[in-house]
């Protein structure tokens, strides 16, 4: 499965770097991170969720990362820290650093002579870089990527193979765009005139902030007039659709398959569950959490969790119940009628 | 944000072209369109929705496009017309014409010698054009596109970078296909035989009518036996899935993330909201409107708006209410029982 | 529409190959398969669903494939068999065999010198094959595909144009990946630390079993630590999202636009309807069927059909009813109160 890192570190070396306490032998060496279940003696596992406590008893890991509450739950050599999952992320980054750019341009890349490409950037096979585009220091532009005219890609960004960025869009620093991502395609701007749709030119840009990561096959449309903006630190999963003129606040995380309609503004530090939808022209406050599969049709001005999902059940039960939804207003009326039955009438009856 | 157009026009020149009345100074010059909010004195804004009336008071626009009902709502120089949004679309097209094709074939394109490419077409870097394919006059085939064997692309069509069209499909005239679009992949045809799925060859085509626009990463599968057909003037947003043998009637518009299952026929002039779904083998009449997030499971034979969405609320409220859905049939039975309670029994009790 | 096959077969020749009985003249020759509706005298149609019985009366097909129950429903020459749809799939495969690979590497392909490519494989224009990748016998790697470092593609597999496979992933034998598919992109692994998201390196692989087919623009993420696994014979439609560390059991079929969240395990022989969603860290038993548009939020340990969809209705009716969902718990309380009304009190009233 995962490949062992080439370098090993002792628990002491790790805590010197990232903090935390060692319980047990600090000279224990590990070479890779692992799940509790799949760990081997040369790896370090982690416990970030109490549901996995039983696996802590049986793991073959050489060491583990745990929170204070689980300090006594194992005798394995362990690093005790405040935020085991974040700690694990850092340790994994230590063992699995991002591949370094291999500076240079592949002979099959097509780079317009007016483009400015940093000398230490890596431009992969068959990549196309348009007129007046700028590729910053340490960037990796993968095979088959298209970077349109006038696009700026900030330093340290990585476009994985087969990414498309339309003209004049702006990609910040340390951005990761996964394969199949399309940035800056035309928004869905159409006007009805005598039975036919007229295209509304989409002349804004898509502007992606620093430290944003965008998952495979996600699309971020350019603005109709003003820009579409993804602020710094936003994390977008795969197959998300961001329509024209949306703004996503900094450090918001959005799970796969979400769609956000035009001109909606999402706050900072929001979390949006998979396949949720948000209608157009809304404003969502900071620190709002939206459950998976939920459609938001009104603005939300307070932090909190919002949900609207039809819970599943075995099909026969669903059929029996769901049909009554079409009569729910009637049912409510009938209950009201029962409640209002005049006393006299009732005793008479 | 948006770039100013290079040419300016007076309001008089604009109304000579597109009709409408000028109120105020017809010699006012503008060079670009803008939103009311972001407009500057050299731009023309528009009011198509009364909710933006307050912005009309404060806009810095040099002129505005309004409907008859808002004629008196501003003192700015203005064009008064019947359909401000369509009028704005036309004015925007005047300031922001589509980039002209740059006739010629990039040296890195791979064009089969049996393909017929119009002399004034533009074939971008790394594009691949298959055997016996035909590319019409004035087409732009973007970088990295794949146009399969036997495909026809009608005059004036534009394939943005990294579009894929499978063999034998037909693309009409003036069609726009955005990046990541896949036309004519195999439909999901499988037959179960003794515990394993057999593939059903997909031998129909996908046929895209004139003046269709298809958004980024949308997929239109080829037919199983007969063709999948998108009729003229249809507008598809991003990340839509059109299954095999679907037919979409002319001038229908479909928002992002919609899925339409196999062999369903959608009428003309329909409007389908984002992330809606339509089951297979259905017929939807002309001028039907389907709300976002709604699943259509039966044919619809009358125009109108159709909806089925679980409205969201704060999570605690949702939890409290949603659980009762599983007992809705029981609840209805219990209300019926209360209503039927025999008079005698009730008075006795 | 569909092109006639070049070779014709008699019904006798077909049943010699695939079994079944001929009723009527076994020397009748056909050259292609067709729907009942579009069939011509040189084609063979099929009846797999009784709803199409009326078309059986009027079809112009030269012959038909039917089940035992429809043997007497037509006088056309016919093949009677146990599973008409699977039989049709086989006959269609006979008339429409997959195109044979054209062995060789296109001059514009970029193949790392450490890669091992079978001599009879076809590598299309502009394909990129990474370091130490292995391409098996009889493979077709389409134009513009990217096959990353260390990837293995098993014999007989076909990557249609513009597919992306990230480093170290494993593609089995006889796999079909349609255009726009992305295998092995990073899973959505992020850890919150002091208001910012840390990236969790994704060091597992995506492993695709034998005889899997994956539809256009579907994404299968690599594992965070262990692998993401699609077992043999699985069929995935278009625009599906499979998150990190998911395992899909053998011979399961999933319709378009489905999303499956991280670490969930789906059983064997399941069928999942379009646009359904399955939350993370769940286990779904073998032979479970999930309806379209249904969100599964809990593990399912028994075969059966599971559903949770808000049925659509005309918008006015929906509005009238849906609002009462927010008061459903109250309504249930009120019904309980009516039921519990003490006898004495009631008779007195």
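I'd like the residue in the range A:22-45 that is within 27 Å of the chain's Cα centre (by Cα) and in contact (Cβ under 8 Å) with a residue 40 or more places away in the chain and, out of all such residues, is farthest from residue A:56 (Cα to Cα).
Taking the candidates together, the pick is A:32.
Could you tell me which of the residues B:238, B:210 is part of a loop (DSSP other than H, G, I, E, B) and facing chain A (nearest Cβ under 9 Å)? Let's see the steps before the verdict.
Values: B:210 fails: facing chain A (nearest Cβ under 9 Å).
Just a single option satisfies the conditions, and that option is B:238.
Return the only residue of A:86, A:38 being farther than 27 Å from residue C:152 by Cα and not assigned by TED's automatic domain parsing to the domain that holds residue A:158. Before the answer, list the steps.
Numbers: A:38 fails: farther than 27 Å from residue C:152 by Cα.
Exactly one residue qualifies, and that residue is A:86.
Restricting attention to the range A:270-279, does a residue exist that is assigned by TED's automatic domain parsing to the domain that holds residue A:169, over 30 Å from residue C:328 (Cβ atoms) and without any contact (Cβ under 8 Å) to a residue 40 or more places away in the chain? Break it down stepwise before answering.
Going through the range A:270-279, the residues assigned by TED's automatic domain parsing to the domain that holds residue A:169 turn out to be A:270-279.
Narrowing further to those that are over 30 Å from residue C:328 (Cβ atoms): none.
No: zero hits.
Taking the criterion of being under 22 Å from residue C:274 (Cα atoms), under 35 Å from the mean Cα position of the chain (by Cα) and within 8 Å of chain A (Cβ to nearest Cβ), would at least one residue in the range B:322-335 satisfy it? Let's see the steps before the verdict.
Step one: filter the range B:322-335 for residues under 22 Å from residue C:274 (Cα atoms), giving none.
The answer is no; no qualifying residue exists.
Could you check, for the range B:68-78, whether at least one of its residues is within 25 Å of the chain's Cα centre (by Cα), in the same structural domain as residue B:29 (by TED's automatic domain parsing) and without any contact (Cβ under 8 Å) to a residue 40 or more places away in the chain? Walk me through how you get there before you give the answer.
Taking the range B:68-78 as the starting set, the residues that turn out to be within 25 Å of the chain's Cα centre (by Cα) are none.
So far as the range B:68-78 goes, no, none of its residues is within 25 Å of the chain's Cα centre (by Cα), in the same structural domain as residue B:29 (by TED's automatic domain parsing) and without any contact (Cβ under 8 Å) to a residue 40 or more places away in the chain.
Suppose the filter is under 13 Å from residue B:257 (Cβ atoms) and buried (at least 24 other Cβ atoms within 10 Å of the Cβ); does residue A:234 pass it?
On the way: under 13 Å from residue B:257 (Cβ atoms): no; buried (at least 24 other Cβ atoms within 10 Å of the Cβ): yes.
So residue A:234 fails the test.
Any chance the range B:2-16 includes a residue that's touching a strand residue (DSSP E or B) at 6+ places or on another chain (Cβ under 9 Å), surrounded by 21 or more Cβ atoms within 10 Å (Cβ to Cβ) and within 21 Å of residue A:206 (Cα to Cα)?
Scanning the range B:2-16, I find at least one residue that is touching a strand residue (DSSP E or B) at 6+ places or on another chain (Cβ under 9 Å), surrounded by 21 or more Cβ atoms within 10 Å (Cβ to Cβ) and within 21 Å of residue A:206 (Cα to Cα), so the answer is yes.
Can you give me the number of residues within the range A:133-148 that are part of a loop (DSSP other than H, G, I, E, B) and within 9 Å of chain B (Cβ to nearest Cβ)?
Going residue by residue through the range A:133-148, those that are part of a loop (DSSP other than H, G, I, E, B) are A:133, A:136-139, A:142-145, A:148.
Now restrict to residues that are within 9 Å of chain B (Cβ to nearest Cβ): A:144-145, A:148.
Count: 3.
Do we find a residue being in contact (Cβ under 8 Å) with a residue 60 or more places away in the chain, surrounded by fewer than 24 Cβ atoms within 10 Å (Cβ to Cβ) and in the same structural domain as residue A:242 (by TED's automatic domain parsing) anywhere in the range A:158-174?
Just the residues of the range A:158-174 that are in contact (Cβ under 8 Å) with a residue 60 or more places away in the chain, to begin with: A:158, A:172.
Checking which are surrounded by fewer than 24 Cβ atoms within 10 Å (Cβ to Cβ) leaves us with A:158, A:172.
Filter again for in the same structural domain as residue A:242 (by TED's automatic domain parsing), leaving A:158, A:172.
Among the residues of the range A:158-174, at least one is in contact (Cβ under 8 Å) with a residue 60 or more places away in the chain, surrounded by fewer than 24 Cβ atoms within 10 Å (Cβ to Cβ) and in the same structural domain as residue A:242 (by TED's automatic domain parsing), which makes the answer yes.
Checking the structure you have, find out if any residue of the range C:190-202 is within 14 Å of chain B (Cβ to nearest Cβ) and not in a loop (DSSP other than H, G, I, E, B).
no
Tally time: how many residues in the range C:222-239 are more than 25 Å from residue C:155 (Cβ to Cβ) and under 17 Å from the mean Cα position of the chain (by Cα)? So that I can check it myself, show each step before the final result.
Step one: list which residues in the range C:222-239 are more than 25 Å from residue C:155 (Cβ to Cβ), which gives C:224-226, C:238-239.
Those still in the list that are under 17 Å from the mean Cα position of the chain (by Cα) too: C:238-239.
Total satisfying the criteria: 2.
Scan the range C:270-287 for residues that are surrounded by fewer than 22 Cβ atoms within 10 Å (Cβ to Cβ) and more than 9 Å from chain A (Cβ to nearest Cβ) and report the count. Explain how you work it out, then say what you get.
At the first step, the residues of the range C:270-287 found to be surrounded by fewer than 22 Cβ atoms within 10 Å (Cβ to Cβ) are C:271, C:279-283, C:285-287.
This time we only want the ones that are more than 9 Å from chain A (Cβ to nearest Cβ), so: C:271, C:282-283, C:285-287.
Looking only at that region, the number is 6.
Can you tell me how many residues within the range A:213-229 are more than 11 Å from chain C (Cβ to nearest Cβ) and either in a strand (DSSP E or B) or farther than 26 Å from residue B:43 by Cβ (or both)? Can you show your working first?
Filtering the range A:213-229 down to residues more than 11 Å from chain C (Cβ to nearest Cβ) leaves A:220-229.
Within this subset, residues satisfying the condition of being either in a strand (DSSP E or B) or farther than 26 Å from residue B:43 by Cβ (or both) are A:220, A:228-229.
Result for the range A:213-229: 3.
I'd like to verify a number: residues in the range B:248-288 that are over 16 Å from residue B:229 (Cα atoms) and under 11 Å from the mean Cα position of the chain (by Cα), how many?
8
For the range C:116-132, which residues satisfy the criterion of being closer than 25 Å to residue B:162 by Cα and part of a loop (DSSP other than H, G, I, E, B)? So that I can check it myself, show each step before the final result.
Within the range C:116-132, the first condition is being closer than 25 Å to residue B:162 by Cα, and the residues that meet it are C:121-131.
Correct list: C:121, C:124, C:125, C:126, C:127, C:130, C:131.
Can you tell me which residue among C:261, C:292, C:337 is within 25 Å of residue A:327 (Cα to Cα) and in contact with a strand residue (DSSP E or B) (Cβ under 8 Å, 6 or more places away or on another chain)? Steps first, answer last, please.
Numbers: C:261 fails: within 25 Å of residue A:327 (Cα to Cα); C:337 fails: in contact with a strand residue (DSSP E or B) (Cβ under 8 Å, 6 or more places away or on another chain).
It is C:292.
Can you give me the number of residues within the range A:83-104 that are surrounded by fewer than 19 Cβ atoms within 10 Å (Cβ to Cβ) and free of Cβ contacts under 8 Å to residues at least 60 places away in the same chain?
Total meeting the criteria: 9.
Among the residues of the range C:158-184, write down those that are within 14 Å of chain B (Cβ to nearest Cβ) and out of contact with any strand residue (DSSP E or B) (no Cβ under 8 Å at 6 or more places or on another chain). Steps first, please.
Narrowing the range C:158-184 to residues within 14 Å of chain B (Cβ to nearest Cβ): C:158-164, C:174-182.
Matches in the range C:158-184: C:174 only.
The values are calculated or read from the model by the stated rules, or taken from the named source; none is laboratory data. As the structure is a prediction and not an experimental result, all values here were calculated from the model. Backbone-built Cβ (ideal geometry, glycine too); neighbour counts: all protein chains shown.
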